[in-house]
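The values are calculated or read from the model by the stated rules, or taken from the named source; none is laboratory data. As the structure is a computational prediction, the values presented were derived from the model and not from experiment. Neighbour counts are summed over all protein chains in view; Cβ atoms, including those assigned to glycine, are modelled from backbone coordinates with ideal geometry. In case anyone asks, the SASA skips ligands and DNA or RNA and just uses the protein heavy atoms, side chains included. Shrake-Rupley method; radii C 1.70, N 1.55, O 1.52, S 1.80 Å.
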Amino acid sequence: LEIAHKVIGHLLLDDSYKPPPPRTAFTLLDGPDWLSLIKCVQSLVQKEACCVDVPVPAKVFGDIHGQITELRALFSAYGSPNHRTGDINGFQYVFTGDFVDRGPHSLEVLALLLSLKVAYPTSVFLIRGNHEDRALNEFYGFCDECTTRLRAPPSPRRKRAERSQAGSD
C-alpha cells in the first residue's frame with residue numbers, strides 16, 4: 001500500500017508533475033517495487049469473478065495507450081479516483097484495457113493504474129485489452145519501452161566486464 005500511495009502521490013496528486021522525455025529511465029519504482037505492486041494486484045484480481053458486476057455510478061476509461069498526460073487531463077476534467085481531491089467514494093472507476101503501447105509513458109500509466117487498484121480494490125476495475133498481450137507489446141512498443149526505460153544503469157563491475165569483453169573480441 002505504501003508503494004501505491006507513493007505512485008498516486010507522484011503521478012496523480014502532484015500538480016507540478018511533468019512526464020519525462022520519451023525513453024528516459026523510469027525511476028519511480030525499482031524492480032522489487034514493481035514485483036510487489038504486480039503481485040498485490042494479481043492477488044486482488046484473482047479474487048474477483050471473471051465477469052465483474054460494477055456498481056453504479058461508474059466512470060469508464062479506455063484506450064489510454066501510454067498517454068499519461070491525457071489520462072491526467074481526463075481526471076482533471078471529470079474527477080479522479082483518489083481520497084484527497086477526487087471522488088473515489090462516490091464513483092467506481094473502470095479501465096477497459098489498452099493501457100500500454102503506442103504512447104511514450106506506458107510505464108507511468110501502468111504504475112498508476114496498478115497503484116489505484118491496490119489503494120481502492122473495490123472501486124477500481126482493470127479489464128485487460130488486446131494490448132495487454134505479449135505479441136502486441138512487442139509490435140507496438142511496450143516491450144521496447146520496458147527494455148529501454150527499466151534498464152538498470154551499469155554497475156562499475158559490469159562496465160569493467162563489458163570493457164574487458166570488448167577488448168578480447
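Okay, residues lined up against (1) under 14 Å from the mean Cα position of the chain (by Cα); (2) farther than 18 Å from LYS47 by Cα; (3) modelled with pLDDT of 90 or more; (4) surrounded by 18 or more Cβ atoms within 10 Å (Cβ to Cβ):
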{"site": "GLY103", "(1), (2), (3), (4)": "yes, yes, no, yes"}
{"site": "LEU107", "(1), (2), (3), (4)": "yes, yes, yes, yes"}
{"site": "LEU110", "(1), (2), (3), (4)": "yes, yes, yes, yes"}
{"site": "ARG128", "(1), (2), (3), (4)": "yes, no, no, no"}
{"site": "ALA135", "(1), (2), (3), (4)": "no, yes, no, no"}
{"site": "PHE142", "(1), (2), (3), (4)": "yes, yes, no, yes"}
{"site": "THR147", "(1), (2), (3), (4)": "no, yes, no, no"}
Can you confirm whether segment 86-94 contains a residue that is farther than 18 Å from ALA4 by Cβ, outside any loop (DSSP other than H, G, I, E, B), touching a strand residue (DSSP E or B) at 6+ places or on another chain (Cβ under 7 Å) and hydroxyl-bearing (Ser, Thr, Tyr)?
-> no
Kindly establish whether THR85 is surrounded by fewer than 22 Cβ atoms within 10 Å (Cβ to Cβ) and at pLDDT 90 or above.
-> no
Residue in segment 1-51 that is surrounded by the most Cβ atoms within 10 Å (Cβ to Cβ), counting only those that are charged (D, E, K, R) and under 18 Å from ILE127 (Cβ atoms) | GLU48
Is there any pair linking a residue in segment 30-53 that is more than 11 Å from ILE3 (Cα to Cα) and in contact (Cβ under 8 Å) with a residue 24 or more places away in the chain to one that is basic (Lys, Arg) and open to solvent by less than 60 Å² (accessible area, probe 1.4 Å), with Cβ under 8 Å and at least six apart or on different chains, and which?
-> VAL41/LYS117; LEU44/LYS117; VAL45/LYS117
Restricting to segment 110-139, what's the tally of residues that are out of contact with any strand residue (DSSP E or B) (no Cβ under 7 Å at 6 or more places or on another chain) and assigned to a helix (DSSP H, G or I)?
-> 13
Residue hits (segment 95-109; touching a Leu at 6+ places or on another chain (Cβ under 8 Å) and assigned to a helix (DSSP H, G or I)) are LEU107, GLU108, VAL109
